[in-house]
Amino acid sequence: MQWVKESLALQTHGKGLYPCTEAIDRVIRESGIQEGLCYLFLQHTSASLLISESYDPSARLDMEEFMEKMVPERQAWYKHTLEGSDDSPSHIRAMLTSCSETIPVEKGRLALGTWQGVYLFEHRQHPQVRTLLVRCLGME
């Protein structure tokens, strides 16, 4: 068995879905792992990680708009606003999604479905650098 530990620094430019499948596949390819598991963990409470449609860009727009409608900013009942109007909403959005994923590795790549991609979902208005831990267990 082979254990690979890598950290990816992902730059965001404000709210939205940022594709990161290629960066993760690069880690797997460079490790030489052909078969195994890839565990992903995003070390943040105001961003999330998800697997979603990766073919049609309008799907991303719909998901971003959905989240804006589900958890709007500037609500009078928000108490946690120390870092701005996106403070509480960003944590709530992260709570509703996930900060980790486990994906099989086959033939040296993430074994995603035809239209699936891995995304960092940034919930903050301003640019951030997010850390994604990539842990892969390769089987021989």
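Tell me the residue from ILE24, ILE51 that is aliphatic (A, V, I, L, M), more than 18 Å from HIS13 (Cβ to Cβ) and assigned to a strand (DSSP E or B), please. Before you say what the answer is, go through the steps one by one.
Values: ILE24 fails: assigned to a strand (DSSP E or B).
Step by step, each of ILE24, ILE51 is checked, and only ILE51 is aliphatic (A, V, I, L, M), more than 18 Å from HIS13 (Cβ to Cβ) and assigned to a strand (DSSP E or B).
This table checks each residue for (1) surrounded by 19 or more Cβ atoms within 10 Å (Cβ to Cβ); (2) farther than 14 Å from ILE103 by Cα; (3) of a type in the set (S, T, N, Q).
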{"site": "GLU6", "(1), (2), (3)": "no, yes, no"}
{"site": "HIS13", "(1), (2), (3)": "no, yes, no"}
{"site": "ALA23", "(1), (2), (3)": "no, yes, no"}
{"site": "VAL27", "(1), (2), (3)": "yes, no, no"}
{"site": "LEU37", "(1), (2), (3)": "no, no, no"}
{"site": "LEU42", "(1), (2), (3)": "yes, yes, no"}
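Which of the residues belonging to segment 74-110 are among the aliphatic types (A, V, I, L, M) and in contact with a strand residue (DSSP E or B) (Cβ under 7 Å, 6 or more places away or on another chain)? Before you say what the answer is, go through the steps one by one.
Within segment 74-110, the first condition is being among the aliphatic types (A, V, I, L, M), and the residues that meet it are 76, 82, 92, 94-96, 103, 105, 110.
Listed by number, the residues that qualify are ALA94, ILE103, VAL105, LEU110.
For residues in segment 93-113 being touching a residue at least 12 places away in the same chain (Cβ under 8 Å) and within 21 Å of LEU61 (Cβ to Cβ), which is surrounded by the most Cβ atoms within 10 Å (Cβ to Cβ)?
Restricting to residues being touching a residue at least 12 places away in the same chain (Cβ under 8 Å) and within 21 Å of LEU61 (Cβ to Cβ), the top hit is ARG93.
What number of residues within segment 27-48 satisfy the criterion of being part of a helix (DSSP H, G or I), more than 16 Å from the chain's Cα centre (by Cα) and touching a residue at least 60 places away in the same chain (Cβ under 8 Å)?
Here is the first cut: in segment 27-48, the ones part of a helix (DSSP H, G or I) are 27-31.
Retained after the next criterion (residues that are more than 16 Å from the chain's Cα centre (by Cα)): 28-31.
Cutting the leftovers down to touching a residue at least 60 places away in the same chain (Cβ under 8 Å) gives us 28-29, 31.
Result for segment 27-48: 3.
Tell me the residue from LEU82, LEU61 that is assigned to a loop (DSSP other than H, G, I, E, B), over 29 Å from ARG135 (Cα atoms) and out of contact with any helix residue (DSSP H, G or I) (no Cβ under 8 Å at 6 or more places or on another chain), please.
Values: LEU61 fails: assigned to a loop (DSSP other than H, G, I, E, B).
Exactly one residue qualifies, and that residue is LEU82.
Read-outs throughout are calculated quantities, based only on the coordinates presented, and are distinct from any laboratory measurement. Please read all numbers here as calculations on a predicted model, not as lab measurements. Glycine gets a Cβ as well: all are built from the backbone with ideal geometry, and neighbour counts include every protein chain shown.
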